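To start, the structure under review is shown below, and the notes come after it.
Taken together, the values in this text are just the output of simple stated rules run on the coordinates, not laboratory data. None of these values were measured; they are calculated from a predicted model. Heads up, the Cβs are rebuilt from the backbone with ideal geometry, glycines too, and the neighbour counts pull from every protein chain shown.
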Amino acid sequence: MKKISDIMLLWDLQETEKNMNKINKQYKSRTSLKDVEEARALLDGIERSLKALEEELNAQRKVLRRLELKGEEIAEDIQETNKQLYGGEVTATKELVQMEKKLKLLSEENGKLEDMVIQQMEKIEKKEKELLGKRSQEKETQESLKELEEKDRQESRKLKGRYRKHKVSKEQLEAKITSELLEKYAYLKKKAGFNVVAKVKGGVCLGCQVSLSSSTIGSLYTPGILITCENCGRLIFQQE
Ligand SMILES: [Zn+2]
């Protein structure tokens, strides 16, 4: 009876290996990992736009500083011209008229500059709001990424645990099966892939669904010999 029970163990080994393969596939294509990868890509995009926004904001602040410096220069110029004009130092009419003209031009320029400063400040304010929005989006995405990573860790642990259990069963089964049969099994598997052991039910090989000859069916009940299906070559045994 030893061989018959051996082939059943071989069947169990085959099923265990199939389960291990299935878990491996589940592990590689797990949705929790895809979710993590998506969140990471989203965060990358947000961080890139944050960097771009910060650079734009810096450039606009520089423009504002230049405008403000120009404004200070004009203000000084106006002050100086006023001092000359009303300080009593200049008395020639022609010169006074020229100075008044200069003063008028300066205050016009000053007015335009003030408008530009206001416009620039508004631009900066808008960018700052945009930046704040992006930063909160960054924070939200970071938090959701953390959650997704935790979920994925749990899922991984679960799958790895299941895989380990099957691996232990596989080792226990292999310890019970003769090395001769294990070698035969390994050889067939190398040649044909999975499902090299098949059950027989109602005289039909369940590996290839072909009816077996009566002599083959008869030998299924002979203890101690390995039977292969004459059609597909799988190792076969009578299903209990
Ligand atoms: Zn067959």
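Dipole of the chain computed with +1 at Lys/Arg Cβ and -1 at Asp/Glu Cβ about the Cα centre; of Leu206, Ala52, Gln172, farthest Cα towards the positive end is Leu206. Each Lys and Arg Cβ is given +1 and each Asp and Glu Cβ -1; about its Cα centre, the chain then shows a dipole of about 2340 debye. Of all stretches in the chain that contain no chymotrypsin sites (Phe, Trp or Tyr not before Pro) in a DSSP loop with at most 16 other Cβ atoms within 10 Å, the longest one is 1-193.
Output the pairs from Lys34/Lys165; Lys34/Lys158; Lys51/Lys158; Lys25/Lys189; Lys101/Lys123 with a Cα-Cα distance over 28 Å in this structure; if there are none, say none. Result: Lys51/Lys158; Lys101/Lys123 exceed 28 Å. Size descriptors for the chain: radius of gyration and Dmax over Cα atoms are 42.7, 137 Å.
Here's how it looks for Ala198: its modeled amide H is under 5 Å from those of Leu235, Ile236, Phe237, which are all 5 or more places away or on a different chain.
Karplus-based coupling profile of region 13-22, in residue order and whole Hz: 4, 4, 5, 5, 5, 5, 4, 4, 4, 4, with θ = phi - 60° in 6.51 cos²θ - 1.76 cosθ + 1.60 and x standing for Gly or Pro. Of the beta bridges in the chain, as assigned by DSSP with both residues counted there, near 60 percent are antiparallel.
Gain on full extension, evaluated as 0.36 nm per residue between Leu69 and Ser179 minus their Cα-Cα distance, stands at 30.6 nm. For region 182-238, DSSP calls about 60 percent of its internal beta bridges antiparallel.
Put simply, the C-alpha atoms of region 29-162 give a gyration tensor, and the ellipsoid matching it has half-axes of 64, 9, 8 Å, longest first. FRET efficiency for the Gln79 to Lys34 pair, using the beta carbon distance and R₀ = 41 Å, is estimated at 0.05.
Over the chain, DSSP H runs of length four or greater, each weighted -39,500 (n - 2.57), average out per residue to a 222 nm ellipticity of -28500 deg cm²/dmol. Positive end of the dipole of the chain (Cβ unit charges, origin at the Cα centre): among Thr93, Tyr221, Leu42, the Cα lying farthest that way belongs to Tyr221.
For region 35-106, the list of GluC sites (Glu not before Pro) that fall in a loop by DSSP and count at most 12 other C-beta atoms within 10 angstrom reads Glu89. In the chain, if the dipole is taken from +1 on Lys/Arg beta carbons and -1 on Asp/Glu beta carbons about the Cα centre, which of Ser136, Gln14, Ile236 is farthest to the positive end? It is Ile236.
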